[in-house]
Amino acid sequence: MNKWLKTVLYLVGAAVLTRLIPFSSWFRIMDTMVHELGHAVATLLASGRVLSIELNPDHSGTTYSVLASGWKTVAVSLAGYMSASLFSVLLFYGHARRKQGEGLLLVSGLALLMIVLFVRNSYGIWWLSIFIVATLVFYFLGPRVRNFYYLLLAFLCLEESVMGPVSLLLYAITQPARAGDAANLANQTVIPAVAWALLFLLFSLWCAKLALQLFWRKRPAATKEH
């Protein structure tokens, strides 16, 4: 079977199956967390200043920052969706290397970093706090439960990293002014929002293909110490 077709079928199947899991929608905000953190890190790397980040119950998020106009603003606008897509690859790489425990500690650390440095709205702080506690609980529940939880987060992140650009493309076609990062990029360049949204979608599908190839790859056998 063609790898691209296999990737799409896996994404559709995973999207259907994960929605049958209770509270899966709540955990999908992790993708928003990574998206907004990508904007924040890019802003800091571009010598800007991050004022605050908001995470909302409808899975939306906003990063408020101060940054000089120019190519740096383009880089910051690109960072959100691309960071989320690359992070999904990182999660599946961790699974392929049997580093699920380290991966859960990583996402918990990122959530804590968001609380300490960036997030100021009450819902965002509440969600991040509960997410950290839940993740640490699963971390200590043993390998089987921990690995199931890790894969759930990985697939949720993967799905959202693709569905986000799909929704963005629809907005770019029907309501370009509401197309979020694509609209910002259109305002900063001569390229229309629909082209930027299509770029995000193609990049997310490429990352999804890489992530699933890591998932399909035969993992190294666990070693025993004597």
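The values are calculated or read from the model by the stated rules, or taken from the named source; none is laboratory data. Just so you know, these numbers come straight off a predicted model, no measurement behind them. Note that each Cβ is placed from the backbone with ideal geometry, even for glycine, and that neighbours are counted across all protein chains shown. Note: accessible area is taken over every heavy atom of the protein model, side chains too, but ligands, DNA and RNA are not part of it. Shrake-Rupley method; radii C 1.70, N 1.55, O 1.52, S 1.80 Å.
Please give the length that would be gained between L45 and R178 if that part of the chain were fully extended, namely 0.36 nm times their separation in residues minus their C-alpha to C-alpha distance (nm, one decimal).
Extra length available between L45 and R178 comes to 45.2 nm.
Work out Dmax and Rg for the chain from the C-alpha atoms and quote the Rg first, both in angstrom.
17.8, 63
Leaving out ligands, DNA and RNA, what percent of the accessible area of the chain is carbon and sulfur, probe 1.4 Å? Don't jump to the answer; show the numbers that get you there.
Details: 7980 of 11920 Å².
On the chain, the fraction of accessible area on carbon and sulfur atoms equals 67 percent.
Test of understanding: what is the full-extension gain from S60 to V133, defined as 0.36 nm times their sequence separation minus their Cα-Cα distance? It would help to have the intermediate numbers written out before the result.
Values: separation 73, 0.36 × 73 = 26.28 nm, distance 2.19 nm.
Gain on stretching S60 to V133: 24.1 nm.
Could you pull out every residue, at least 5 positions away or on a different chain, whose amide H is within less than 5 Å of the one on V119? Hs are placed 1.01 Å off N in the peptide plane, and Pro or chain starts have none.
Close amide H contacts, sequence-distant or interchain: I53.
Convex hull volume of the Cα atoms in region 158-223, per residue, in Å³?
Spelled out: Cα convex hull of region 158-223, divided by residues, is 90 Å³.
Counting heavy atoms of the protein chains only and a 1.4 Å probe, report the per residue accessible area for the chain as a whole number of Å². Numbers along the way, then the final one.
Working: 11920 Å² over 226 residues.
Ligands and nucleic acids excluded, the result is 53 Å² per residue.
Subtract the Cα-Cα distance of F148 and S24 from 0.36 nm times their separation in residues, and report this length gain in nm to one decimal.
Values: separation 124, 0.36 × 124 = 44.64 nm, distance 1.29 nm.
Extra length available between F148 and S24 comes to 43.3 nm.
Test of understanding: in a Gaussian network model of the chain with alpha carbons linked when under 10 Å, which of R120, R144, R28 would top the mean-square fluctuation ranking?
Between R120, R144, R28, it is R144 that shows the largest mean-square fluctuation.
Quick one: if the Förster radius is 41 Å, what FRET efficiency do Q188 and E102 give, using the C-beta to C-beta distance and rounding to 0.05?
0.65
Quick one: order K209, K72 from most to least accessible surface, probe 1.4 Å.
Working: K209 40, K72 60 Å².
So, going from the largest accessible area down, we get K72, K209.
Build a GNM of the chain with springs between Cα atoms under 10 Å: which of A68, A84, A111 gets the top mean-square fluctuation?
Comparing A68, A84, A111 in a Gaussian network model of the chain, the most mobile one is A68.
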